[in-house]
Amino acid sequence: MFSQRFTISEIASITGGKFIPQLINDTPIHDILIDSRRLFKAENTVFFALKSKRNDGHKYIGELYLKGVRNFVISNANLELNEFSDASFILVHDTLSALQSLAAKHRKKFDIPVIGITGSNGKTIIKEWLHQLISPDKKVVRSPKSYNSQIGVPLSVWQMDKDYQLAIFEAGISEPEEMLNLQKIIKPNIGIFTNIGEAHSENFINRVQKVGE
């Protein structure tokens, strides 16, 4: 879908991971996959086995391997990998942090204006409005849909390519310190703060803490 971003060995270096048992093939990577149901093209794809309270991406490695995926970023050192003899596995401490580090490294390649939009409500509407205003004159990359989470932002930034002239990304948080992670990935030149409301406030002591994040 996109031009080469990094080789799999470069991804290991960027994420601070190590190959287990070893690097099989230093594949050029074009696409990131986090959802096994959304595999588009197995070749030149790396799967990040993300873990959450509801699911564990490591469960889908076998399924994706059968579909042709040969590059994986994992955090479970106890996986039985013998049956995946021609796949490369990068072991990291935390796959989400690894995904964010990779996106942040990719962002540093580009010296174009980047607009970051945050706030309790209205982020997507303002993003789309700006895109409509600017896109007739410039080639703009923007967050798909409402991709503004700790996972969505890295996937949005990964879209950046040398052909784009401007970027617009949303950033949303639901817990303290999350905005610091997103700021490192987006590194906006221009910031837009829509408002501060009660949405996603349950994990903050008060509104002052939420604004400070």
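The values are calculated or read from the model by the stated rules, or taken from the named source; none is laboratory data. Quick caveat, the model's predicted, so the values are computed rather than measured. Positions of Cβ are generated from backbone atoms using ideal geometry, with glycine treated the same way; all protein chains shown enter the neighbour counts. Ligands, DNA and RNA are excluded from the accessible area calculation, which covers all protein heavy atoms including side chains. Shrake-Rupley method; radii C 1.70, N 1.55, O 1.52, S 1.80 Å.
Explain nothing, just compute: Karplus ³J(HN,Hα) = 6.51 cos²θ - 1.76 cosθ + 1.60, θ = phi - 60°, for every residue of the stretch 68-81 in order, whole Hz, x for Gly and Pro.
With coefficients 6.51, -1.76 and 1.60, one gets x, 6, 10, 9, 9, 10, 10, 10, 9, 6, 9, 5, 8, 10 Hz.
Express the accessible area of the chain per residue in Å², computed with a 1.4 Å probe while the remaining protein chains stay in the model.
54
For the stretch 103-194, which GluC sites (Glu not before Pro) are both in a DSSP coil and crowded by at most 11 other Cβ atoms within 10 Å?
Listed in order of number, the matching sites are Glu177.
Taking the Cα centre as origin and putting +1 on Lys and Arg beta-carbons and -1 on Asp and Glu beta-carbons, what dipole magnitude results for the stretch 36-117, to the nearest 20 debye?
For this selection, approximately 420 debye.
For Cα extents along the principal axes in Å, the listed values are (i) 61, 36, 33; (ii) 57, 51, 37; (iii) 52, 43, 28; which was obtained by calculation from the structure presented?
Correct label, based on the coordinates given: (iii).
For a test of the definition: using alpha carbon positions, the gyration tensor, and the 1.5 limit on a/c, classify the stretch 23-129 as rounded, prolate or oblate.
Prolate shape, in that a/c is at least 1.5 and a/b is the bigger ratio.
For the chain, build the charge dipole from Cβ charges (+1 Lys, Arg; -1 Asp, Glu) around the Cα centre, then report which of Phe6, Ser36, Asn121 sits farthest towards its positive end.
Ranked along the dipole, the leading option is Asn121.
Rank these by accessible area, largest first, 1.4 Å probe: Met160, Met179.
I get Met179, Met160, largest accessible area first.
From the helices alone, meaning DSSP H stretches of at least four residues, give me the mean residue ellipticity at 222 nm for the chain, per-run term -39500 (n - 2.57), in deg cm²/dmol to the nearest 500.
So the helix-based figure for the chain works out to -8000 deg cm²/dmol.
Test of the criteria: in the stretch 121-195, which trypsin sites (Lys or Arg not before Pro) are in a DSSP loop and have at most 15 other Cβ atoms within 10 angstrom of their Cβ?
Passing sites in the stretch 121-195 are Lys138, Lys139, Lys145, Lys162.
Could you compute the net charge surrounding His106? Neighbours are other residues with a C-beta less than 14 Å from the C-beta of His106; K and R count +1, D and E count -1.
So the environment of His106 carries a net charge of +4.
Please report, in debye to the nearest 20, how large the charge dipole of the chain is about its Cα centre when each Lys and Arg carries +1 at its beta carbon and each Asp and Glu carries -1 there.
So the magnitude is around 380 debye.
From the cross-link list Lys108/Lys145; Lys51/Lys187; Lys18/Lys123; Lys145/Lys184; Lys109/Lys138, which pairs have alpha carbons spaced over 30 Å apart?
Those over the limit are Lys18/Lys123.
Looking at the chain only, what percent of DSSP beta bridges run antiparallel? Nearest 5 please.
20
Where in the stretch 7-65 are there chymotrypsin sites (Phe, Trp or Tyr not before Pro) that are in a DSSP coil and have at most 12 other Cβ atoms within 10 angstrom of their Cβ?
Answer by residue number: Phe40.
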